[in-house]
Every structure is written in C-alpha cells, then in structure tokens.
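Just below is one structure, and these are the notes that go with it.
The values are calculated or read from the model by the stated rules, or taken from the named source; none is laboratory data. A quick note: this is a predicted structure, and the numbers were derived from the prediction, not measured. In this analysis, Cβ positions are derived from the backbone assuming ideal geometry, glycine residues included, and neighbour counts consider all displayed protein chains.
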Amino acid sequence: AFSFLISSPMVDLGSLVLLMSIFGAKVAILYVVLGLVIAVAGGTLIEKLHMENQVEEFIRRASAVDIASPTLTQKERLVYAKDQVAETFKKVFPYILIGVGIGAVIHNWIPESWVVAVLGSHNPFGVILATIIGIPMYADIFGTIPIAEALLGKGAQLGTVLAFMMGVTTLSLPSMIMLRKAVKPKLLGVFIAICALGIIVVGYLFNLFQGFIL
C-alpha cells in the first residue's frame, strides 16, 4: 500500500512522456526507475517494521467491496474512454497552468544569481533545500515540470531540480495532512523520513553524474 502511495504521485506514464520531451530520454528513464526504487524500498521497509497497528482503526475495520465489471460494447468503451480523457484533462490542466505561471515568474523575475546561489553547484545543501521548499506546495508532476525547466534554465543543478519535483509530488503538506487521517503519527513520520531520504539520495546522485546524464 505504501509503495503505491509513493510511486503513484511520483511516477506515471504521463510524467515519463513529459520528462522525455524536456530533459531527454536518459533523465526521464532514470527518474522513473529511481522513483520506483524509492517506492519499492520504502514499502518493503515499512512492511518489515510491522507497523500495521499504526493504521487508524476505521481503515483496518473497513470491509472489502467487490464491484463487478460492467459488460460494455465497443461503442460504449470508446465513449467511456473519451469521458476519461476529458476528466483527466480537466484535472491536469489547472496544474499545468499554475506550473507554467510559476515557471514564467522564475524565468522573468528571479535573478539567475539567486537561483545558482541557493540551488546551484556551490551550495552543498541545495538538494535538501529543494526538497524542503517543495513540501508546502501542492501539485502533481504536470505542474512541477514547467517550474523545474525554469529552475534548470536559471542554473540549478539537475539533481536539485528533480529533488524539488519529487518533494512536491510526494511530500506536499496537503497530502500529508490527508494521509494523517488514515495513519497514526509514528507511521506517517516513518513514511516521510523514508521518502525524504530517498529523494535526497537520488538528488545527490543526479548532481554527481549530471555531466554523464545530460
């Protein structure tokens, strides 16, 4: 369950396509692979810690509900698929607009020297800062990519930018508040610690090998 909670916001097919179009195939594939590594490792570790008792009681007592798949004709499937595309577009489009807006502000108003000083190669804590900065924000991968592109264009390191993206999508404060309703503080703390550590390690690895990746 926690592997799903990590991987679902961090990596998906849409993110792979968008990342490839902006950062190239190597960056996109490495991002997805390392995101899945964090998800699998995090879920495995939480399972080994046997923290089932840290899930809220109403979740553990919830009964399973089986819903039979409806039998749809070919035409009905096409209509259903069209409706799903429209629904997904409506959900994603606002995040893209917000991301493009923030990216435009970074491009035009934030000095390049400031971005380089805070998130550039001369700041050894750039990855950690980027992860922390991403936590108060709330966006999916589509909303963070325009911001990431703007930061990279201003001189931020690749690993720092990707750590920011992972921090926003995986550890955003609104998501943690919602997750707290389902799990107890101890399990939530372990989840945050595992994700943050994984993101920071991935960020520094990308920074270290940036010259070989780009």
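Only helices (runs of 4 or more DSSP H) wholly contained in segment 1-62 count here; list those with 3 or more residues that are under 23 Å from V201 (Cα atoms), modelled with pLDDT under 85 and within 18 Å of the chain's Cα centre (by Cα).
Filter on segment 1-62 gives 2-10, 13-23.
Determine the pairs where a residue that is more than 15 Å from A196 (Cβ to Cβ) and without any contact (Cβ under 8 Å) to a residue 40 or more places away in the chain, located within segment 20-45, has a partner that is surrounded by 15 or more Cβ atoms within 10 Å (Cβ to Cβ) and of a type in the set (D, E, K, R) with Cβ atoms under 9 Å apart, the partner being 6 or more residues away or on another chain.
V32/D12
Among the residues of segment 159-171, is any of a type in the set (S, T, N, Q), in contact with a Leu (Cβ under 7 Å, 6 or more places away or on another chain) and either within 17 Å of W114 (Cα to Cα) or buried (at least 24 other Cβ atoms within 10 Å of the Cβ) (or both)?
Yes, because at least one residue in segment 159-171 is of a type in the set (S, T, N, Q), in contact with a Leu (Cβ under 7 Å, 6 or more places away or on another chain) and either within 17 Å of W114 (Cα to Cα) or buried (at least 24 other Cβ atoms within 10 Å of the Cβ) (or both).
For residues in segment 63-106 being hydroxyl-bearing (S, T, Y) and part of a loop (DSSP other than H, G, I, E, B), which is modelled with the highest pLDDT?
Result: T73.
So which helices (runs of 4 or more DSSP H) are wholly in segment 119-214 and hold at least 3 residues that are in contact with a Gly (Cβ under 6 Å, 6 or more places away or on another chain)?
Helices (runs of 4 or more DSSP H) meeting the threshold: 126-134, 141-153, 158-171, 185-208.
Just checking, how many residues over segment 107-122 are surrounded by 13 or more Cβ atoms within 10 Å (Cβ to Cβ) and either at pLDDT 80 or above or among the small types (G, A, S) (or both)?
The qualifying residues number 3.
Of all residues in segment 188-206, which are of a type in the set (A, V, I, L, M, F, W, C) and in contact (Cβ under 8 Å) with a residue 12 or more places away in the chain?
Answer for segment 188-206, where residues must be of a type in the set (A, V, I, L, M, F, W, C) and in contact (Cβ under 8 Å) with a residue 12 or more places away in the chain: L188, V190, F191, I192, I194, C195, A196, I199, I200, V202, L205, F206.
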